[in-house]
Amino acid sequence: MLVRRGVQRLFLEMGLAVMPELSLASGRRADLVALSRSNEIWIVEIKSSLEDWKADNKWPIYREHCDRLFFATHPGVPAHVFPQECGFILSDGYGAEIIRDAPEHKLASATRKAMTLRFARTSAARMTLAELSGIDLPETDME
């Protein structure tokens with residue numbers, strides 16, 4: 001949760017809209033999905049420990065759903081274990097820093113549209129559920 005919070009803060013500062021735990025068409029769930037103003041889609045896979053990293057073999061599937069793929073972790077996990085073909089973000093819970101930018105793998109137009117619609121529909125559903133639960137949501141303008 002600390003890693004996620006730091007990455008979310010960084011992405012919001014960068015002007016990205018962020019969605020945690022987004023289900024993908026492949027049946028997997030991405031830890032974080034971010035949508036840029038130019039409609040670029042980033043996925044962040046969060047690893048909280050070396051054991052968590054070693055147990056993961058699903059991360060290549062995420063490439064099918066994003067323009068850029070990142071790993072994020074905290075300073076207690078060795079950075080050298082993460083693949084060079086992915087971006088790398090270091091987070092301490094209060095903030096985060098992109099240590100290595102992710103190479104761009106442009107999505108096909110149909111996949112981009114499907115991901116953008118999934119992002120929008122999930123965002124709207126979550127906002128509606130929060131409002132029905134009595135949670136006051138701040139108004140935001142990402143433009």
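The values are calculated or read from the model by the stated rules, or taken from the named source; none is laboratory data. Keep in mind that this is a model prediction, so the values were computed, not measured. No Cβ is skipped: glycine too gets one built from the backbone with ideal geometry, and neighbour counts run over all protein chains shown.
Structure above, values below:
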{"read-out": "Count - residues of segment 21-43 that are under 17 Å from GLY93 (Cα atoms) and at pLDDT 95 or above", "value": "1"}
{"read-out": "The one condition in (1) over 12 Å from the mean Cα position of the chain (by Cα); (2) on the phi < 0 side of the Ramachandran plot that PHE70 fails to fulfil", "value": "(1)"}
{"read-out": "Hey, ILE46 in contact with a strand residue (DSSP E or B) (Cβ under 7 Å, 6 or more places away or on another chain), closer than 30 Å to ALA110 by Cα and at pLDDT 95 or above or not", "value": "no"}
{"read-out": "So SER38, is it surrounded by fewer than 16 Cβ atoms within 10 Å (Cβ to Cβ), among the hydroxyl-bearing types (Ser, Thr, Tyr) and touching a helix residue (DSSP H, G or I) at 6+ places or on another chain (Cβ under 6 Å)", "value": "no"}
{"read-out": "So SER48, is it polar (S, T, N, Q) and either closer than 20 Å to GLN8 by Cα or loosely packed, with under 12 Cβ neighbours inside 10 Å (or both)", "value": "yes"}
{"read-out": "Residues satisfying the stated conditions in segment 10-28, i.e. surrounded by 13 or more Cβ atoms within 10 Å (Cβ to Cβ) and part of a strand (DSSP E or B)", "value": "ALA17, VAL18, MET19, PRO20, LEU22"}
{"read-out": "Where a residue in segment 9-22 is in contact (Cβ under 8 Å) with a residue 40 or more places away in the chain and its partner, wherever it lies, is of a type in the set (A, V, I, L, M) and outside any strand (DSSP E or B), with Cβ under 6 Å and at least six apart", "value": "ALA17/MET142"}
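A quick yes/no check of all residues on (1) over 21 Å from PHE11 (Cα atoms); (2) acidic (Asp, Glu); (3) modelled with pLDDT under 90:
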| position | (1), (2), (3) |
| --- | --- |
| LYS58 | yes, no, yes |
| ARG63 | no, no, no |
| GLU85 | no, yes, no |
| TYR94 | no, no, yes |
| ILE98 | no, no, no |
| ARG112 | no, no, no |
| THR116 | no, no, no |
| PHE119 | no, no, no |
| ARG126 | no, no, yes |
